[in-house]
Amino acid sequence: MKSFIPKTAVDDLAIFGGPKLYDEELHVGRPNIGSRARFYKMVDDIFERKWLSNKGAYVQQLEARICQLTGVNHAIAVCNATVGLEVVIRALGLTGEVIVPSFTFVATAHSLTWLGLTPVFCDINQDTHTLDSTHLEGLINARTSAIIPVHLWGQCCETGEIERIAEAHNLPVIYDAAHALGTKRFGTLVGGFGAAEVFSFHATKFINSFEGGVITTNSEDLAKTIRLMINFGFAGYDKVVSMGTNGKMNEVCAAMALTNLESFDEFVTINRSNRDQYRRELAGIPGISLFVESAGNTCSDQYVVGMVDSTKSGISRNHIMNIFWAENILARRYFYPGCHQMEPYRTQRADNPPELPVTDLVASQVLILPTGSSVQSEDICRICSLIRFVVENGQAISAMMSENTTN
Ligand SMILES: *Cc1c(COP(=O)(O)O)cnc(C)c1O
């Protein structure tokens, strides 16, 4: 790390030719990695046992651990959350249309499209960034077969209201819980809501297994169907009883997840401390705030969600992001511009674009800031003072930046 040279003039910004704040890129979503020694020991065990996949000992241990952690009866480890979602969609026999938020990672929508279903995009609540249940009734029709809300940023959805409406229309609810391992809503752990919930262990997620995920459900029948489906429909040697795919998690991935789960509390502590430091150091900067989870919600705080209100900051989120990238701070605008603005949804709906004003607004404001176990207090200090400098000089900087650098 270079010694910190604070920016004192607009020309000091790297985007205008000044020295970069970082020689190496500072990423959002650097993996949290637990004890390497413990992981290597487990990999040794795997080689000793010569059992690499197909419901191995570590996969079983991981599933038991997830049941314990979420208080759910069944946990099924899978190769990734996208395949996990697809398998649940198949297992529930969904067809036609499924209501999803547009403000999510594109996999939520793609898992449906991949299977020939149609995602129908619902707007979000401006405070929670999760599906706004007041729009549900208007989107449900004869073709609707389910709702897949997303616990975005680890913020639990309004499960009560969503499930009340779903039940009235006889629709199952599947939660995309990719961000929500360990999330509690008024003391209830995420994992047991709806028909099933799907967590991701992708490298960038709070707990990672390199790639992976887990499906949780309290339904024994659904768990059985899912177990068959992730293993080609095999019910025993030479006995195929249904359609299926290969959604299995392997032993090395399970060992990685178990290793990282050992550090669960430590990672949460780091994330909270980072978030609190960001909150303190960004306080009072006009137009800059952090997303606040709603009362009763606690989560892993894996995401520090910066919000830029350009009507007050005097500089747009996109300009700030471009300035950051020039400094080698790769802050991200997750989940810009919303699935409805991505292909194939954008073209398919060109003649009938959904009206998602809150999604469009929030997608124009979010700036995800680096956090996690690889980010130091000193980094947060630099990032916050850079934001402060940029906003203080917002008008001059905006005038120097051309609007066509915004994308
Ligand atoms: C990461 C993510 C997924 C996909 O998870 P994978 O394990 O990478 O397939 C799905 N939904 C959301 C909201 C995500 O962030």
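Please treat every number below as a calculation from the coordinates, not as lab data. Treat the numbers as computed from the prediction; the structure is a model and nothing was measured. No Cβ is skipped: glycine too gets one built from the backbone with ideal geometry, and neighbour counts run over all protein chains shown.
Between the range 375-400 and the range 325-353, the alpha-carbon centres lie 25 Å apart. Each Lys and Arg Cβ is given +1 and each Asp and Glu Cβ -1; about its Cα centre, the range 1-120 then shows a dipole of about 440 debye. May I ask which of K205/K239; K55/K205; K50/K239 have a Cα-Cα span longer than 28 Å here? Cα-Cα > 28 Å for K205/K239; rest within.
Determine which lysines satisfy two conditions relative to K20: a Cα distance under 18 Å, and not lying fewer than 8 residues away in the same chain. In chain and number order, the partners are K2, K7.
Evaluating 6.51 cos²θ - 1.76 cosθ + 1.60 at θ = phi - 60° for every residue in the range 383-395, the Karplus couplings come out as 5, 5, 6, 5, 4, 4, 4, 5, 6, 4, 10, x, 5 Hz, glycine and proline recorded as x. Short to long, the 5 Å bins of the Cα pair-distance histogram for the range 36-261 hold 1, 7, 15, 19, 20, 16, 11, 6, 3, 1, 0, 0 percent of all pairs. Bridgeable aspartates and glutamates around K184 (alpha carbons under 16 Å apart, same-chain partners fewer than 8 residues away excluded): E158, D176, E197, D265, E293, D301. Positive contributions from Lys and Arg (+1) and negative ones from Asp and Glu (-1), summed over other residues with Cβ under 14 Å from the Cβ of L69, come out at -2. A viscosity of 0.692 mPa s and a temperature of 37 °C, combined with the Kirkwood radius over Cα pairs in Stokes-Einstein, give a translational diffusion coefficient for the chain of 147 µm²/s.
Dipole orientation for the range 1-103: of the candidates N73, L85, N32, N73 has the Cα lying most toward the positive pole (charges on Cβ; Lys, Arg +1; Asp, Glu -1).
Each Lys and Arg contributes +1 and each Asp and Glu -1, all at the Cβ; summed about the Cα centre of the chain, the dipole is approximately 720 debye. Sorted on the mean count of surrounding Cβ atoms within 10 Å across their residues, most packed first, peptides 202-215, 180-193 read 202-215, 180-193. Remark on S289: its backbone amide H falls under 5 Å from those of M307, D309, a criterion applied only to residues 5 or more positions apart or on other chains, H modelled at 1.01 Å from N.
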